[in-house]
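Worksheet: one structure, shown below.
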Amino acid sequence: MTKFWVAFKSEHQSEVQDLQLEVDEPAMSCDIVLRALGRHLNPSEEWPFAVDCADCPTDADIGERAVRLNRVQAARRHLKLTYLSYRPEGTVLQFSC
């Protein structure tokens, strides 16, 4: 299990919320974070987006980058989020999605 902290703000909230979540995957990516948050916010809903276990590689071509960016933006719209970041357990760095 991989633990992480997520900070998010919904369209109808005035403040950022912090939440600790766990996933079965050994690695983290924005897709995994969004799916985990979606499961938390809407537990009865099946996640409608593809999930890559790793974030976009630095050497990815523009097509791959566009696909991933569009998917993350669609997932954020689906969850009605205006802000989302995460911090894996054991790190001090916070990653933005």
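Among the residues of region 45-60, not a single one is open to solvent by 30 Å² or more (accessible area, probe 1.4 Å), free of Cβ contacts under 8 Å to residues at least 24 places away in the same chain and not in a loop (DSSP other than H, G, I, E, B). Residues in region 4-44 that are assigned to a loop (DSSP other than H, G, I, E, B), surrounded by fewer than 16 Cβ atoms within 10 Å (Cβ to Cβ) and of a type in the set (G, A, S): S14, A27, S44.
Looking across region 87-97, the residues that are open to solvent by 40 Å² or more (accessible area, probe 1.4 Å) and either of a type in the set (K, R) or touching a residue at least 24 places away in the same chain (Cβ under 8 Å) (or both) come down to R87, E89, Q94, F95. Please work out which residue is nearest to the chain's Cα centre (by Cα), limiting yourself to region 61-82 and to residues that are outside any helix (DSSP H, G or I) and in contact (Cβ under 8 Å) with a residue 12 or more places away in the chain. This residue is L81. Selection of region 74-86 for residues being open to solvent by 70 Å² or more (accessible area, probe 1.4 Å) and within 11 Å of V6 (Cα to Cα) yields only Y83.
The values are calculated or read from the model by the stated rules, or taken from the named source; none is laboratory data. If you're wondering where the values come from, they're calculated on a predicted model, not measured in any experiment. As a convention, Cβ positions derive from the backbone with ideal geometry for all residues, glycine included, and neighbour counts pool all protein chains shown. Calculation scope for accessible area: heavy atoms of the full protein, side chains included, ligands and nucleic acids excluded. Shrake-Rupley method; radii C 1.70, N 1.55, O 1.52, S 1.80 Å.
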